[in-house]
Structure formats: structure tokens, C-alpha cells
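S.K.: My questions all concern the structure below.
Coordinate-derived values only; no laboratory data. Predicted model only: the values in this text are computed from it and were never measured. Cβ placement follows ideal geometry from the backbone for every residue including glycine, while neighbour counts extend to all protein chains displayed.
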Amino acid sequence: MSDLLDLPSYLDHPPAVAARLAELAERPLVMSIEGLSREYESDGGQRVTALSHVSFEVRSRELISVIGPSGCGKSTLIRILAGLDAPTGGRVCLDGHDVVGPGADRGMVFQSYTLFPWLSVKKNVMFGLKMRGLPGREAERRALEWLELVGLREYAELYPAQLSGGMKQRVAIARALANEPRILLMDEPFGALDAQTRSAMQAHLLRICDTVDVTVLFITHDLDEAIYLSDRIVVLGSNPGRVLEIIEVPVARPRAPEQFLSAHFLATKKRLEELIHQRETVPRRTSGTIRAA
């Protein structure tokens, strides 16, 4: 108990972290979510509000997580960002243009393994490239490059049924990134994996983000995962889904597993637990230098 009482504030950023966050705040804006609301009618004819006036921004090469209790609208939010659903209020802009439907400028990775079972690993990654009109040889070359990045080039000729769950998700990530999207949307992509595989996939994602010019919006229900991966965390409350706080993660990069026990990591986790479980009255606010939209 005394160790928890001695934790630093999650708002206190070490100098290297503060410098990184200040640099992040100056990066170009990739996506803006402005006053987003989504209502629908229940089977009983009642109006239900899934999201209410959700606003935040995503900047270039940022990894931002969205977390919240069950029923807070995380899945509804990412479906709207992907163009698979439409808001009833507010707007989503990508590079200053309204999102009005699905597009190649957004890659999507789901929790389920959405690979074509009748195509090889290589041809799954090539699929989107060939749809864009790339010649077969060029599509194959690029697919193999992406498979090399996720550590699966030697499995290029295998089929999804021959892969483990973690390997399937690496193929799904490679396929999404092969189209060079402006933003990669990930909907609890590691949620169905065992703990060991999940840890390995987190390490793969961090390595990809260090290597590739990619911006990531990551949906998760796991507090440790959100802190470990993210530059910032958008915390949603439920009934209706709304932004409670946007937390700038005070944990230094590069990330390493031993940081799970660091004081700044534990202080951030404590704040997330307070927000999600509502153990105290929480103001709606944004920490640090990057403000909500």
C-alpha cells in the first residue's frame, strides 16, 4: 500500500517524455474527430446514445489507444472512423477531408482473423495491391517485403489454416500496411490471443511503428496494453460513450517489458482504473500539452 501512495503523479513527465510529447504536438494532423455522436433506435423503439460529442485528434506517427468499460462505444467509434457506419452528429476528417465511407487511406485489423482461407499468405498480402492495379511481379515484391517486416517471409506459401493465431494477425497487419494507409485502425487485434502470444504481438507492433511511417489508432480493453503501446490514451465513459480524459503516457520510449512495474506506468494504470471504474468523481479534462479537439 505504501508503494502505491508513493507513486508520482501520472501528469508528471520525465524530461525525455515531455520533449517527445512536445514534438508530437507539432506533427501534422492526420485525423480529427469533432463532436462525434451516434444514436440509434432500440428494438423497443427507444432512442439509445452510443456516443456523445466525442472529440480528439490523431497526429502523424502517433499510436493512440481508446479504452473504456464495456458498452462505452469503442466498437461503434472505430466502425465510424473506418467508414463502416455513419455518425448522427459531428464529423470525422482525414487529412482535412470528411470520411464518408470506407477507403484505402484507412487500414483495418480486426480481432477475428479476416484472411482469405483459399489464398496463400503471400497472396493475401498481394490482394489489395493487385486491386490497386499493381502488376503481379511488383505486388509480389512488395508483399514479400511486408512479410519480411513482420517476420513471416518464410511462410509466404502457406495457407491461413496452417498458421497460429499470432501469425495470422501478423499477416493481417502486413496486408493492411501493404496498401500504405494514412492511418491503421486496430479493433482489439490481440484480444483473442494467449498471454505469451499477445506479448509477442505487442513487441511486433512497437517494432513496426519504429520502422514504418504509420499512424495507429488502437482499440483495447486491456489497461497494461494501452499504456505499454501508446503515446496517448483516450478514456471513454459509458451511458453515453464520451471522452472522460485524454492521458499522455509518461513512460519513456523505447518501451520494454520491465516498464510494466515502473512508477510512471503504475501511476498511469491507477488513474485509468479510477476513470474506468469511477472510484472517484472525475473531471473531464486532458492532461499535458496535447489538447482535445
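S.K.: Based on alpha-carbon positions alone, could you give the equivalent ellipsoid semi-axes of region 1-141 from the gyration tensor, as √(5λ), descending, whole Å? Kindly include the intermediate steps, with their values, before the conclusion.
M.R.: On the way: eigenvalues 209, 135, 65 Å².
Ellipsoid half-lengths, sorted descending, are 32, 26, 18 Å.
S.K.: In degrees between 0 and 90, to the nearest 10, how far off the longest principal axis of the chain does helix 121-131 point, with axes built from Cα atoms?
M.R.: 90
S.K.: Could you give the spread of the C-alpha atoms of region 1-67 along their three principal axes, from largest to smallest, in whole angstroms?
M.R.: Cα extents, longest axis first: 53, 41, 15 Å.
S.K.: So if each residue of separation counts as 0.36 nm, and I subtract the Cα-Cα distance between Phe116 and Thr88, what length gain in nm does that give?
M.R.: Going from the current span to full extension adds 6.8 nm.
S.K.: Hey, fewest Cβ within 10 Å first, where do Arg132, Arg137, Arg182 land in order? If you can, show how the numbers build up before the last one.
M.R.: Numbers: Arg132 12, Arg137 8, Arg182 18.
Arranged by neighbour count, lowest to highest, Arg132, Arg137, Arg182 become Arg137, Arg132, Arg182.
S.K.: Within the chain, what's the longest stretch lacking GluC sites (Glu not before Pro) that sit in DSSP loops with no more than 16 other Cβ atoms inside 10 Å? Please list the in-between numbers first.
M.R.: Working: sites that count: Glu26, Glu157, Glu280.
So the longest stretch without any such site is 27-156.
S.K.: Now a separate question. What ranking of Val109, Val234 emerges when the number of other C-beta atoms within 10 Å of each C-beta is taken as an exposure proxy, fewest first?
M.R.: Details: Val109 23, Val234 27.
In order of increasing Cβ crowding within 10 Å: Val109, Val234.
S.K.: Separate question: Dividing the convex hull volume of the Cα atoms of region 144-293 by its residue count, what figure in Å³ per residue is obtained?
M.R.: On the way: hull volume 21.1 nm³, N = 150.
In region 144-293, the Cα hull volume divided by residue count equals 140 Å³.
S.K.: Moving on to the next point. Note down the relative contact order for region 91-151 as a percent, whole number, built from C-alpha pairs under 8 angstrom at least six residues apart. Let's see the in-between values first.
M.R.: Values: 21 pairs, mean separation 13.2, N = 61.
Relative contact order, region 91-151: 22 percent.
S.K.: Which value results when the Cα radius of gyration for the chain is divided by 2.2 N^0.38 Å? Mind showing how you got there, number by number?
M.R.: Values: Rg = 19.4 Å, N = 293, 2.2 N^0.38 = 19.0 Å.
Scaled against compact globular proteins, the figure is 1.02.
S.K.: Also, I was wondering about something else. When the expected Rg is taken as 2.2 N^0.38 Å, what fraction or multiple of it is the alpha-carbon Rg of region 197-279?
M.R.: Numbers: Rg = 13.2 Å, N = 83, 2.2 N^0.38 = 11.8 Å.
In units of the 2.2 N^0.38 Å rule of thumb, it is 1.12.
S.K.: Quickly work out the Arg27-to-Gln278 label distance, labels modelled 7 Å from Cα along the C-beta direction, and quote it in nm with one decimal.
M.R.: It is 3.4 nm.
S.K.: Ok, one more. Filter the chymotrypsin sites (Phe, Trp or Tyr not before Pro) in region 92-122 to those in DSSP coil with at most 10 other Cβ atoms within 10 Å of their Cβ, and list the result. Present the calculation step by step, with values, prior to reporting the outcome.
M.R.: Working: sites: Phe110, Tyr113, Trp118; in loops: Phe110, Tyr113, Trp118.
Sparse-neighbourhood loop chymotrypsin sites (Phe, Trp or Tyr not before Pro): Trp118.
S.K.: Report, to the nearest 10°, how far helix 165-178 tilts away from the longest principal axis of the Cα atoms in the chain, using its own Cα long axis and a range of 0 to 90°.
M.R.: 80
S.K.: For region 100-150, report the translational diffusion coefficient in µm²/s to the nearest whole number, using Stokes-Einstein at 10 °C, 1.306 mPa s, and a Kirkwood Rh over Cα pairs.
M.R.: On the way: Rh = 12.1 Å.
Value of D from the Cα-based Kirkwood radius: 132 µm²/s.
S.K.: Now a separate question. For the chain: lysine pairs with Cα atoms under 30 Å, gap of 8 or more or different chains, count?
M.R.: Working: Lys74/Lys168; Lys74/Lys269; Lys74/Lys270; Lys122/Lys130; Lys122/Lys168; Lys123/Lys168; Lys130/Lys168; Lys168/Lys269.
Qualifying lysine pairs in the chain: 8.
S.K.: I've got another one for you. Taking 8 Å as the Cα distance limit and 6 or more residues as the minimum spacing, I'd like the relative contact order of the chain as a percentage. Mind dumping the intermediate values first?
M.R.: Values: 560 pairs, mean separation 79.4, N = 293.
Result for the chain is 27 percent.
S.K.: For region 108-180, what ratio Rg/Rh do Cα atoms give with a Kirkwood hydrodynamic radius? Don't skip to the end; give the middle numbers.
M.R.: Details: Rg = 10.8 Å, Rh = 11.7 Å.
Ratio value, two decimals: 0.92.
S.K.: Right, another one. Compactness ratio of region 160-226: Cα Rg over 2.2 N^0.38 Å, N = residue count?
M.R.: Values: Rg = 11.7 Å, N = 67, 2.2 N^0.38 = 10.9 Å.
Computed over Cα atoms of region 160-226, the ratio equals 1.08.
S.K.: Apply 1/(1 + (r/R0)^6) to the Cβ-Cβ distance of His53 and His97, taking R0 = 25 Å, and write down the FRET efficiency to the nearest 0.05. Could the numbers behind the result be given before it?
M.R.: Values: r = 22 Å, r/R0 = 0.86.
After rounding, the FRET efficiency stands at 0.70.
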